[in-house]
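The numbers here are math on the coordinates, done by the rules we state, and not lab data. In this text, all values refer to a predicted model and were calculated from it rather than measured experimentally. Reconstructed Cβ throughout: ideal geometry from the backbone, glycine too, with neighbour counts over all protein chains shown.
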Amino acid sequence: MKPAPFNYALAKSIDEATSYLADGNGEAIVLAGGQTLVPMLSMRLARPELVIDINGVDELFGIEETDASVIIKACTRQVTALNSEIVKSRVPLLHKAMHFVGHFQTRNRGTIGGSVAHSDPAAEIPLAALALDSEVELRNVNGSRRVAMADYLVGPLMTAREPDELLVAVHLPAIVPGVTTATSFHEVSERHGDFAVVAVAAQLTFDGAICTKAAVAFGGVDHTPVRIPEFETRLIGQTLAYGVPDAALDLIADGINPGSDQHASANYRRRVARTLANRAVSEAAVDARSGA
Amino acid sequence: MTDTIHIHVSINGNEVTDSVIPRMTLLDFLRYKAGMTGTHAGCEHGVCGACSVIFDGDPVRSCSLLAVQANGKSVMTVEGLSNADGTPGTLQEAFQDAHAMQCGYCIPGMLVSAHALLARNAAPSLEDIKEAIGGNICRCTGYVQIIEAIQLAATRLREALE
């Protein structure tokens with residue numbers, strides 16, 4: 001298993017990387033942490049003419065915060081995000097999701113941007129980003145644009161990123177100070193660190209014991225991570241700490257489109273999605289009540 | 001289409017300079033160019049952990065890095081765990097004493113992951129050890145003796161400091 005031949009370019013700046021992409025005519029691919037790309041090269045599932053290494057681009061590393069959001073630059077290592085106090089305190093849902101991402105050897109290299117750029121339908125980082133209503137910042141030689149995760153995720157391993165665009169950052173809305181917010185992330189996978197068979201990411205806000213806003217994203221059960229607006233709406237005004245009403249949980253099966261494969265049947269995935277959603281939402285409700 | 005690229009890598013403290021084609025992984029560079037065959041090629045797609053090395057201070061999978069990316073970096077392989085005279089280091093000796101090896105194919109990766117763990121945590125819990133070798137697959141031992149070996153090494157390393 002050896003990669004097919006390719007040319008290699010080490011970019012030193014975002015401008016350099018985007019100009020390589022512009023010249024690449026769609027035959028260039030960006031190398032961030034390489035935890036998916038290098039295996040794909042080795043298996044010859046990817047046969048680019050040019051590999052653009054962005055590990056030397058300092059401006060693509062780091063975590064910044066504004067009043068409203070946390071900005072994670074594309075090449076920030078997963079281990080950095082996992083250990084970040086900013087992430088833990090201001091986007092706790094992503095912090096919880098990071099515990100399920102790979103192993104520490106892969107988190108030491110793997111990046112936030114790489115996971116979002118690749119967008120495996122069962123990956124945890126795009127799932128958490130979708131639940132948080134995050135935006136992806138894309139840049140090409142002409143300028144930059146920001147795309148909401150819901151529009152960015154197009155299909156399995158397919159995104160709204162154009163071939164000449166570089167994913168430069170993910171903008172994650174931070175929890176609002178003074179508003180009781182609780183998060184929960186649950187996953188079923190064959191081994192810890194594997195991609196999810198099913199994963200659920202939930203962030204809810206409460207006024208006293210009553211849910212005022214709900215965001216619940218499902219992974220591994222459709223072509224992309226998905227939200228189910230009807231389900232989320234049904235959670236508002238409820239207490240939820242003793243479990244999610246069946247009438248709400250019944251809406252999940254129609255909101256997802258799971259496939260069957262060697263890991264699990266579609267029916268099993270539907271049942272797990274329902275169970276994990278109940279678990280995640282009620283856990284968040286209990287946490288909110290106890291002030292955790 | 002692919003020109004070779006000149007790289008300069010510090011491997012276990014020795015400076016190695018060579019030319020590589022871009023598609024050569026760090027794993028193949030270590031084995032075929034640097035002659036460090038202790039690092040094993042297992043799955044070659046980032047799953048099994050047999051090829052683990054310490055790259056710029058952190059354990060990573062050498063099959064999922066390109067050799068060109070190691071230019072100017074330092075790499076420690078399993079060979080770097082032995083004593084200066086070539087005899088097994090404390091961790092390696094513990095693996096031998098605890099009968100942690102059966103076929104032994106996964107062991108270089110296990111040793112590297114265990115070394116990285118003990119470097120930052122002198123008294124790891126059972127859960128810490130399981131987490132540390134969670135990315136290393138062993139198909140023989142059932143992991144029990146490997147975990148015991150890491151506990152034994154941790155104890156011996158702590159005693160050596162006292």
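See the values below:
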{"item": "Efficiency of FRET from Cβ geometry, A:Leu45 and B:Cys140, R₀ 25 Å, rounded to 0.05", "result": "0.25"}
{"item": "At least 20 Å along the helix axis (C-alpha) and Kyte average at least -1.0, DSSP helices within chain A", "result": "A:266-290"}
{"item": "Dipole magnitude (debye, nearest 20) for the protein assembly as shown, charges at Cβ of Lys, Arg, Asp, Glu", "result": "660"}
{"item": "Order of B:Cys103, B:Cys51 under a 10 Å beta carbon neighbour criterion, fewest first", "result": "B:Cys103, B:Cys51"}
{"item": "Euclidean distance between Cα centres, region A:101-139 to region B:55-86, Å", "result": "26"}
{"item": "Dipole-positive endmost among B:Ala114, A:Ser260, A:Ala123 within the protein assembly as shown (Cβ charges, Cα centre)", "result": "A:Ser260"}
{"item": "Extension gain, B:Ser19 back to B:Cys43 (0.36 nm per residue minus Cα-Cα distance, nm)", "result": "6.1 nm"}
{"item": "Region B:5-81, dipole about Cα centre (Lys/Arg Cβ +1, Asp/Glu Cβ -1), debye to the nearest 20", "result": "140"}
{"item": "Angle between chain B longest axis and helix B:144-161 axis [Cα atoms, degrees, rounded to 10]", "result": "80"}
{"item": "Quotient of C-alpha Rg and 2.2 N^0.38 Å, computed over chain A", "result": "1.01"}
{"item": "Normalised contact order of chain B, rounded percent, pairs of Cα under 8 Å and 6 or more residues apart", "result": "23"}
{"item": "Cleavage-rule hits (trypsin sites (Lys or Arg not before Pro)) in region A:184-239: DSSP loop, at most 11 neighbouring Cβ within 10 angstrom", "result": "A:Arg191"}
{"item": "Charge dipole (region A:7-53, unit charges on Cβ, about Cα centre) - positive-most of A:Pro39, A:Tyr8, A:Ala28", "result": "A:Pro39"}
{"item": "Long-range HN-HN contacts of B:Cys43 with modeled amide H, under 5 Å", "result": "B:Cys48, B:Gly49, B:Ala50"}
{"item": "A:Glu16 versus A:Arg191: modelled label distance in nm, points set 7 Å from Cα along the beta carbon direction", "result": "3.8"}
{"item": "Chain B pair-distance distribution - Cα-Cα, 5 Å bins, rounded %", "result": "2, 9, 19, 22, 19, 13, 9, 5, 2, 1, 0, 0"}
{"item": "For region A:1-89, the Rg and Dmax computed from alpha carbons only, in angstrom", "result": "15.2, 48"}
{"item": "Residue order, fewest to most beta carbons within 10 Å, for B:Arg158, A:Arg289, B:Arg23", "result": "B:Arg158, A:Arg289, B:Arg23"}
{"item": "Relative exposure of A:Cys211, B:Cys43, B:Cys63, judged by other C-beta atoms within 10 Å (fewest first)", "result": "B:Cys43, A:Cys211, B:Cys63"}
{"item": "Dipole magnitude of region A:1-148 about its Cα centre (Cβ charges: Lys, Arg +1; Asp, Glu -1), debye to nearest 20", "result": "520"}
{"item": "Karplus-derived 3J(HN,Hα), 6.51/-1.76/1.60, for each residue of region B:114-125, Hz, glycine and proline x", "result": "5, 4, 4, 5, 5, 5, 10, 8, 6, 10, x, 7"}
{"item": "Region A:262-292 versus region A:26-76: alpha-carbon centroid distance in Å", "result": "31"}
{"item": "Region A:38-144: trypsin sites (Lys or Arg not before Pro) in DSSP coil with no more than 12 other Cβ atoms inside 10 Å", "result": "A:Arg44"}
{"item": "Integer Hz, Karplus 6.51/-1.76/1.60 couplings in order for region A:243-260, x for Gly and Pro", "result": "x, 8, x, 4, 4, 7, 4, 4, 7, 5, 4, 7, x, 10, 9, x, x, 9"}
{"item": "Per-residue [θ]222 nm for chain B (sum of -39500 (n - 2.57) over DSSP H runs n ≥ 4, rounded to 500)", "result": "-9000 deg cm²/dmol"}
{"item": "Förster radius 41 Å - calculated FRET efficiency between A:Glu162 and A:Ile86 (Cβ-Cβ, nearest 0.05)", "result": "0.85"}
{"item": "Amide H within-cut-off set for B:Leu66, under 5 Å, with H built and near neighbours excluded", "result": "B:Leu26"}
{"item": "Per-residue [θ]222 nm for chain A (sum of -39500 (n - 2.57) over DSSP H runs n ≥ 4, rounded to 500)", "result": "-8500 deg cm²/dmol"}
